[in-house]
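For reference, the structure discussed in these notes is given below.
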Amino acid sequence: MKKRIEISHSDLFRSMANMIATSKRVTMAIAKSKKEPAFFYTIGNQEKQLPELLIIGNFNPNQMCVALNQLSDKMLQQGNFTDGEAVSLGGEYPLLIYRAAKEAKEKYTIQAGQFYANEDYAVMQAVLPDKKGVYPPDPRCHKDFQVPVLRGAKDDTRNSGA
């Protein structure tokens, strides 16, 4: 049996701040539960006046963290994505990027709010297509890719992903 290591929030946040300073961001991978799918998000983009990024779905954690890092690097190079923008990471189909509703912060990127000690950061959701290029919430999208798409209102910029 492995010994459990206890880490305080302040130690965790200090470690995260160091990682952001040296590696631009932290990517979080949260395992699925009985009721909710897995999800993945960044912490650190806000410090560059860019939105944090979120992916929801029971996908390979390593691949999703790589995708988030690639998307974040693209934003650093070209600026913020627009709502609904298709962004290619080299695969057959692009990811769609949407401004996320306030629910994204309330339900998914909680650690980012705790790290920043406020909710004044934006979130954009990256949505993956199925193997045939169909995106949720289209009913033709394969069930393994049907994830909540948390689109925010176009004029709700601070609580969403703009």
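The values are calculated or read from the model by the stated rules, or taken from the named source; none is laboratory data. These numbers come from a predicted model, not from an experiment. Every residue, glycine as well, gets a Cβ built from its backbone with ideal geometry; the counts of neighbours run over all protein chains shown.
Considering only the range 85-106, state which residues are touching a residue at least 24 places away in the same chain (Cβ under 8 Å) and either touching a His at 6+ places or on another chain (Cβ under 7 Å) or of a type in the set (D, E, K, R) (or both).
Within the range 85-106, GLU92, ARG99, LYS102, GLU103, LYS105 qualify.
Out of all the residues in the range 105-112, is one or more more than 15 Å from GLN46 (Cβ to Cβ) and not hydroxyl-bearing (Ser, Thr, Tyr)?
yes
Taking the range 80-104 as the region of interest, how many residues are in a loop (DSSP other than H, G, I, E, B) and closer than 19 Å to LYS132 by Cβ?
7
If the requirement is being touching a Gly at 6+ places or on another chain (Cβ under 9 Å) and not charged (D, E, K, R), which of these qualifies: TYR93, TYR108?
TYR93
Assess whether PRO137 counts as being surrounded by fewer than 16 Cβ atoms within 10 Å (Cβ to Cβ), within 13 Å of the chain's Cα centre (by Cα) and not β-branched (Val, Ile, Thr).
Against the criterion (surrounded by fewer than 16 Cβ atoms within 10 Å (Cβ to Cβ), within 13 Å of the chain's Cα centre (by Cα) and not β-branched (Val, Ile, Thr)), PRO137 does not qualify.
Out of (1) among the charged types (D, E, K, R); (2) crowded, with 16+ Cβ neighbours inside 10 Å; (3) at pLDDT 95 or above, what's the single condition that is false for LYS102?
Unmet condition: (3).
Specify the residue that is nearest to MET16 (Cα to Cα); the eligible residues are those in the range 108-147 that are among the small types (Gly, Ala, Ser) and part of a loop (DSSP other than H, G, I, E, B).
ALA117
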